[in-house]
1. With the chain treated as a Gaussian network of Cα nodes joined by springs under 10 Å, which of Gly88, Gly123, Gly57 yields the largest mean-square fluctuation?
2. For the chain, find the longest principal axis of its Cα atoms and tell me its angle to the long axis of helix 115-135, 0 to 90°, nearest 10.
3. If the only charges are +1 at each Lys and Arg Cβ and -1 at each Asp and Glu Cβ, what is the size of the charge dipole of the chain around the Cα centre, to the nearest 20 debye?
4. Can you tell me the orientation of helix 3-30 relative to the chain, as the angle in degrees between its alpha-carbon axis and the longest Cα principal axis, to the nearest 10?
5. Percent relative contact order of the chain, based on C-alpha pairs within less than 8 angstrom and at least six residues apart?
6. I'd like to compare 18-24, 106-112: which one has the highest average count of other Cβ atoms within 10 Å, and what's the full order after that?
7. Which value in deg cm²/dmol, rounded to the nearest 500, describes the helix-derived mean residue ellipticity at 222 nm for the chain, given -39,500 (n - 2.57) per DSSP H run of n ≥ 4 and division by the residue count?
8. How much accessible surface does Ser53 have with a 1.4 Å probe, in Å² rounded to 10?
Amino acid sequence: MTPELTALAYAALFQGLHFAVLSALAYFELGGGKLVAPRDPERLGKPLAEHVSVRTGRLFRAMNNHFEALILFTAAVAVVSLADKNTGFSAICAYAYLGARVLYVPAYYFGLTPWRTLIWFVGFTATMLMLLSALM
């Protein structure tokens, strides 16, 4: 497996771990009733992420942010892999993305500003550079 595909696999596993930790925290804070029932607006009154503590709410937002980032990163890995443009540079970019995502979650959880934004920017830039490298 290429380094880029390996980084993608780790990123997806990290997203799964993030989801599991978030689910456990939300369960302990809210109980099972709100989590297993339909999340209709008229029933909850506000989004589920607004029913939990500030930090658990941050984990919800970080998870959603990673889903968004993972879409672009998956596209970058697919383009690099399918175009057979795997290089040392694209591998560095892939692991820079992965490292940024791993650092982003605690930075968001603890409210580390401006570090959270800078860490996000590293991951986004690494993804865009992977795409650009495949075009060259």
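The values are calculated or read from the model by the stated rules, or taken from the named source; none is laboratory data. These numbers were taken from a predicted model, which means no experiment stands behind them. We place every Cβ from the backbone using ideal geometry, glycine too, and count neighbours over all the protein chains shown. Each accessible area value is taken on the protein alone, full model and side chains, heavy atoms only, with ligands, DNA and RNA left out. Shrake-Rupley method; radii C 1.70, N 1.55, O 1.52, S 1.80 Å.
1. Sorting by GNM fluctuation, first place goes to Gly88.
2. 40
3. Charge dipole of the chain: 300 debye, to the nearest 20.
4. Taking Cα atoms only, the helix is inclined about 10 degrees.
5. In percent, rounded to a whole number, it is 32.
6. 106-112, 18-24
7. When only DSSP H runs of four or more count, the value is -27000 deg cm²/dmol.
8. In the full protein context, Ser53 sits at about 50 Å².
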